[in-house]
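**Student:** One structure, pasted below without further comment.
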Amino acid sequence: MNVGLTNHKITQALERISKAVRVLLWEESKKYGISPIQIQILIFCLSHKLEMLKVSFLAKEFDLTKPTISDSVKVLIKKELLKKIPDMYDSRSYSIALTQKGRNIAKKTSYFTNSLVAAVGSIDNDLQGAFLKNLLHIIHKLNKDDVISIQRMCLTCYHYNNENNEHFCGLLNRELQNQELQIDCPEHKIPS
Ligand code: SF4
């Protein structure tokens, strides 16, 4: 029996999980009559700082072109789910923010991965830590190979150090367990 290469099988498994995420996102999308990327923009707005809520930043975040994001933002503004916040220092620039209606939808849809969260939660806690560490390693490699854009995670952070094969956050000034590694840290700093 050809058992296949493990790295290929893991890649196939990741594809299946990615498909599950797409299916769950489509279900939410149909419920609210907006596209999957529009749902993702609303959810992103829920938990990120205003300075990140610009078309150019979102384009990098979702690895899409600025016109694609700009079109989605226009639709969301028209549907009164987002509003424009003008930039005080640059009249041509603006950020976006959720309206109350947009916030309500973002909160409800932000649970779209619940079934996946529950499935991962059924794995033993130590294994979850090792799983997270290895997934971050894969994401880091994809980032280094320019497949995906910069990630706000420990492995790409100025404050991160892993001498002696241990994770250390210079900002918190302490060691981090695998389970504490961040994938979207508000304090992430790009190394200079
Ligand atoms: S600041 Fe955040 S991303 Fe950076 S090392 Fe510390 S916990 Fe990780």
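The values are calculated or read from the model by the stated rules, or taken from the named source; none is laboratory data. All values reported here derive from a predicted model rather than from experimental measurement. All Cβ positions, even for glycine, are placed from backbone atoms using ideal geometry, and neighbour counts span all protein chains on display. Areas reflect the complete protein model, heavy atoms only, side chains present, ligands, DNA and RNA absent. Shrake-Rupley method; radii C 1.70, N 1.55, O 1.52, S 1.80 Å.
**Student:** Checking the conditions here, which among G129, G102 is in the same structural domain as Q151 (by TED's automatic domain parsing) and in contact (Cβ under 8 Å) with a residue 40 or more places away in the chain?
**Tutor:** Among G129, G102, only G129 is in the same structural domain as Q151 (by TED's automatic domain parsing) and in contact (Cβ under 8 Å) with a residue 40 or more places away in the chain.
**Student:** Might you let me know whether the stretch 137-158 holds any residue that is outside the structural domain of F57 (by TED's automatic domain parsing), over 17 Å from the mean Cα position of the chain (by Cα), within 16 Å of the ligand (Cβ to nearest atom) and open to solvent by 60 Å² or more (accessible area, probe 1.4 Å)?
**Tutor:** Looking for residues that are outside the structural domain of F57 (by TED's automatic domain parsing), over 17 Å from the mean Cα position of the chain (by Cα), within 16 Å of the ligand (Cβ to nearest atom) and open to solvent by 60 Å² or more (accessible area, probe 1.4 Å), one finds at least one in the stretch 137-158, hence yes.
**Student:** Name the residues in the stretch 88-136 that are within 16 Å of L46 (Cα to Cα), open to solvent by less than 50 Å² (accessible area, probe 1.4 Å) and of a type outside the set (S, T, N, Q), would you?
**Tutor:** Result: I96, A97, L98, G102, I105, A106, F112.
**Student:** If you don't mind, there's one more thing I want to ask. If you check Y111 against the conditions, is it aromatic (F, W, Y), near the ligand (Cβ under 10 Å from one of its atoms) and more than 24 Å from S70 (Cα to Cα)?
**Tutor:** Judged against the criteria, Y111 is not a match.
**Student:** Here's something else I'd like to know. Of all the residues that make up the stretch 36-88, how many are under 18 Å from the mean Cα position of the chain (by Cα), part of a loop (DSSP other than H, G, I, E, B) and under 18 Å from T99 (Cα atoms)?
**Tutor:** Qualifying residue count for the region: 5.
**Student:** Check Q40 against each of (1) open to solvent by 30 Å² or more (accessible area, probe 1.4 Å); (2) in contact (Cβ under 8 Å) with a residue 24 or more places away in the chain and name the one condition it does not meet.
**Tutor:** Among (1) open to solvent by 30 Å² or more (accessible area, probe 1.4 Å); (2) in contact (Cβ under 8 Å) with a residue 24 or more places away in the chain, the lone unmet condition for Q40 is (2).
**Student:** Yes or no: E61 open to solvent by 70 Å² or more (accessible area, probe 1.4 Å) and closer than 30 Å to K189 by Cβ?
**Tutor:** It is false that E61 is open to solvent by 70 Å² or more (accessible area, probe 1.4 Å) and closer than 30 Å to K189 by Cβ.
**Student:** I'm checking my understanding of the structure. Among residues of the stretch 127-181 that are outside any loop (DSSP other than H, G, I, E, B) and of a type in the set (D, E, K, R), which one is nearest to A59 (Cα to Cα)?
**Tutor:** Ranking the candidates gives K144 first.
**Student:** Which ones in the stretch 105-124 are in contact (Cβ under 8 Å) with a residue 60 or more places away in the chain and part of a loop (DSSP other than H, G, I, E, B)?
**Tutor:** S110, F112, T113
**Student:** State which residue is farthest from the chain's Cα centre (by Cα) when the search covers only the stretch 20-30 and only residues that are free of Cβ contacts under 8 Å to residues at least 24 places away in the same chain and open to solvent by 40 Å² or more (accessible area, probe 1.4 Å).
**Tutor:** Going through the qualifying residues, I end up with K30.
**Student:** Let me ask you something else. Can you find a residue that is among the hydrophobic types (A, V, I, L, M, F, W, C), under 23 Å from L46 (Cβ atoms), within 12 Å of the ligand (Cβ to nearest atom) and not assigned by TED's automatic domain parsing to the domain that holds L46 anywhere in the stretch 161-175?
**Tutor:** Checking the stretch 161-175: not a single residue is among the hydrophobic types (A, V, I, L, M, F, W, C), under 23 Å from L46 (Cβ atoms), within 12 Å of the ligand (Cβ to nearest atom) and not assigned by TED's automatic domain parsing to the domain that holds L46.
**Student:** Consider only pairs whose beta carbons are under 7 Å apart and that are at least six residues apart or on different chains; among these, list those whose first residue lies in the stretch 172-192 and is open to solvent by less than 100 Å² (accessible area, probe 1.4 Å) and hydrophobic (A, V, I, L, M, F, W, C) and whose second residue is part of a helix (DSSP H, G or I) and more than 7 Å from the ligand (Cβ to nearest atom).
**Tutor:** Cβ pairs passing all conditions: L181/L132; L181/K133; L181/L136; I183/L136.
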